[in-house]
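Please treat every number below as a calculation from the coordinates, not as lab data. Not measured: the values here are computed from a predicted model. Reconstructed Cβ throughout: ideal geometry from the backbone, glycine too, with neighbour counts over all protein chains shown.
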Amino acid sequence: MPRRTKKPRRLVADGRVYLWTLRHRHRVLDSGRSADCHETLTLYPQPADTGGPLRIVFAEGPDRYVGGFTMGSGDVGWVRGGSLNLHEPGAVRALLDAASARGWQPGEPRAVEVDGWLLLEAAAAARAGDASPALRAAGKLR
């Protein structure tokens, strides 16, 4: 039986539980084509009262792509560089680790929004097993 795509998924990282969702949005031009595509990955620390959500946003732009109609759902990446499929739990974990390495704390009381492009290279390298020495030294990537 296929899973419901709108239902939050569960991730356990460093002893903490998160629920996460992935949403795509865009606007439709008069020609019928889509523009301004965004993928928003949101992680909710659990239980619900232990911190605000982390929103990692990938906006379409020059030299980068955001999945949708012409590409696989959840695909984000640089045209000539790293990429991730945001439907994969390992990619979500790598982005969570990269956000933590940049200072995000799961106990943060309010929602925090992060530009996903600032995290992409570190997360893609971690997925490929090539995490930077700085991130490894911070103890955030394995």
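Side notes on the structure shown:
- Net charge over other residues, Cβ less than 9 angstrom from the Cβ of V57 (K, R count +1; D, E count -1): -2
- For segment 46-56, Karplus couplings with θ = phi - 60° (6.51, -1.76, 1.60), whole Hz, Gly/Pro x: 10, x, 3, 8, 9, x, x, x, 9, 10, 10
- Once the chain from R9 to R23 is taken as fully extended at 0.36 nm per residue, the excess over their C-alpha distance is 3.8 nm.
- Full extension of the chain between E121 and A48 yields a length gain of 23.3 nm, computed as 0.36 nm times the residue separation minus the alpha carbon distance.
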